[in-house]
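Down below is the structure, laid out as structure tokens.
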Amino acid sequence: MFDFMRLLGGNRAGATRGRGGSGRGAKPGVLLQLRLVFYGVLLGLMMPVIRQIDWAALVPPGFKIEWPTGFGIAWPAGHLRVPGGWGWGADAAKAKAEASAAATAAAGAATNAGAATTATGALATAAGVASAASTIAAAASALSGGKPVSARFTICGHAKRIDCMVDGDTFWMAGTKIRIADIDTPETHPPRCAREARLGQAATLKMQALLNAGPFTLTPIKRDVDRYGRKLRIVERGGKSLGAILVRHGLARQYGGGKRSPWCGWA
């Protein structure tokens, strides 16, 4: 058998060696033909016996070999398959169909997710618009001297000004700039001296704390706006002016209009 395999592989020298290893004897071509005839006859005689063998009984339970539609081995604990063989076209078509189905499912999921995101965004936008409209309406009511209003004030910076303090007597509420009409506080943009800067910062923080302490009302005066377009209002809580509190702390002066006195050198 090994000589036959060597002959098929082209190793004629090794196949023609005799027992003494000298290589003398029949010619390789004749020997090959004789052996092929012999094995052919032998295989033909054995075919009836081979057909009667129950090959499934020789394979362990659960062990399966697939051929020629691709080489595959299956056993109870797993499965191994290498596409190819005579059925490589079917394997390729099946793999393509599975990939297409997966892509379609992924596209459908992405579409559904996009629709859900769009709906969520629309709801959030609607909620934001409603909230902004409510805030504007509340601010308009407060500016007319209506119901008390409250907000959380910060110190104004470079960002858009909604609810923030400019200085001790000026602030933004719901995007509207308001000038407290009954007081004048030290300037902070810019201060004219170190004393004015110190007092101006203290007045700003004090008024911020007062506004953040709870609801307050904005009481109109005869003039609605000043020359800078700021709404002129007196800020009150419980019928008492919040500006008057700054006056008592030495952080503001009472103001009723006209020219303002400088804060540098004022005691």
TODO: Please label the shape of segment 172-252 as rounded, prolate or oblate, based on the square roots a ≥ b ≥ c of the eigenvalues of the alpha-carbon gyration tensor (a/c under 1.5 means rounded; beyond that, a/b larger than b/c means prolate, else oblate).
DONE: oblate
Open item on the list: Below 11 angstrom from the Cβ of residue 188, what's the summed charge of the other residues (Lys, Arg +1; Asp, Glu -1)?
Closed with: -2
Task: residue 38 - accessible surface, heavy atoms, 1.4 Å probe, Å² rounded to 10 - done: 120 Å²
TODO: Pull up the cross-link candidates among the lysines for residue 222, meaning alpha carbon to alpha carbon under 25 Å and not fewer than 8 places away within one chain.
DONE: 147, 177, 231, 240, 259
Task: Charge dipole (debye, nearest 20) of segment 161-254; +1 at Cβ of Lys and Arg, -1 at Cβ of Asp and Glu - done: 100 debye
Open item on the list: Which order do the peptides 97-103, 226-232 come out in when sorted by mean C-beta neighbours inside 10 angstrom, highest first?
Closed with: 226-232, 97-103
Task: Segments 258-265, 201-208 sorted - mean Cβ within 10 Å per residue, highest first - done: 201-208, 258-265
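The values are calculated or read from the model by the stated rules, or taken from the named source; none is laboratory data. Everything quoted here is computed from the prediction, not taken from an experiment. Neighbour counts are summed over all protein chains in view; Cβ atoms, including those assigned to glycine, are modelled from backbone coordinates with ideal geometry. For accessibility, only protein heavy atoms count, side chains too; no ligands or nucleic acids. Shrake-Rupley method; radii C 1.70, N 1.55, O 1.52, S 1.80 Å.
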